[in-house]
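**Student:** Sharing a structure here in C-alpha cells format.
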Amino acid sequence: MVWHFIAEEVAFMDLLHFMYNGTLEARSTRELLDVLMVADKFDVPSCVNHCTHALQNSPFTIESASLYLQLPPTMLTNTVVLQLTDAAKGFLIQCFKHSYLK
C-alpha cells in the first residue's frame, strides 16, 4: 500500500511537470502506466494520449502486455487506451500462438 501511494505521488508530480512543460520524466513501462492512471484520474487527456502512445511505441513484453490488460475498466472508454489494450491482446495471442505451435 505504501509503494502505491509513493508511486502515485511521483506520477502526480510528473503529471504536473507534463502540464507545464509538455514532457514527462517517466521512462519505464511501470512509470508511464502510473502517470497514465493519474492522468486519467485527473482527466488530463493530452497526457493520457502521450502516455498511451509512448507505451504503444515501446517494445511489448509478456509482462508489459499483461500490465496493460490490468488497467481499470473505466479507462477503456478512452479510444487511445482501448487501442493499447487491443495491441497488448494481439501481442499475447501471437506469443502464445507461436509457443503452442512449437
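**Student:** Go through the residues of the range 34-47 one by one and say whether even a single one is of a type in the set (A, V, I, L, M, F, W, C), assigned to a loop (DSSP other than H, G, I, E, B), surrounded by 12 or more Cβ atoms within 10 Å (Cβ to Cβ) and in contact with a helix residue (DSSP H, G or I) (Cβ under 9 Å, 6 or more places away or on another chain).
**Tutor:** Yes.
**Student:** Turning to a different aspect of this structure: Residues of the range 24-33 being part of a helix (DSSP H, G or I) and either of a type in the set (A, V, I, L, M, F, W, C) or on the phi > 0 side of the Ramachandran plot (or both), which ones? Explain how you work it out, then say what you get.
**Tutor:** Start the filter on the range 24-33 by keeping residues that are part of a helix (DSSP H, G or I), which leaves 29-33.
Those that are part of a helix (DSSP H, G or I) and either of a type in the set (A, V, I, L, M, F, W, C) or on the phi > 0 side of the Ramachandran plot (or both): 32, 33.
**Student:** Can we say residue 31 is among the acidic types (Asp, Glu) and surrounded by fewer than 16 Cβ atoms within 10 Å (Cβ to Cβ)? Steps first, answer last, please.
**Tutor:** Working: among the acidic types (Asp, Glu): yes; surrounded by fewer than 16 Cβ atoms within 10 Å (Cβ to Cβ): no.
In short, no.
**Student:** Do any residues in the range 47-65 that are within 19 Å of residue 16 (Cβ to Cβ) and at pLDDT 95 or above have Cβ atoms under 8 Å from those of residues that are aromatic (Phe, Trp, Tyr) and in a helix (DSSP H, G or I), where the two are at least six apart or on different chains, and which pairs are they?
**Tutor:** Filtered contacts from the range 47-65: 47/18; 50/18.
The values are calculated or read from the model by the stated rules, or taken from the named source; none is laboratory data. Here the structure is a predicted model, which is why all the values come from computation and not from measurement. All Cβ positions, glycine included, derive from the backbone under ideal geometry; neighbour counts span all protein chains shown.
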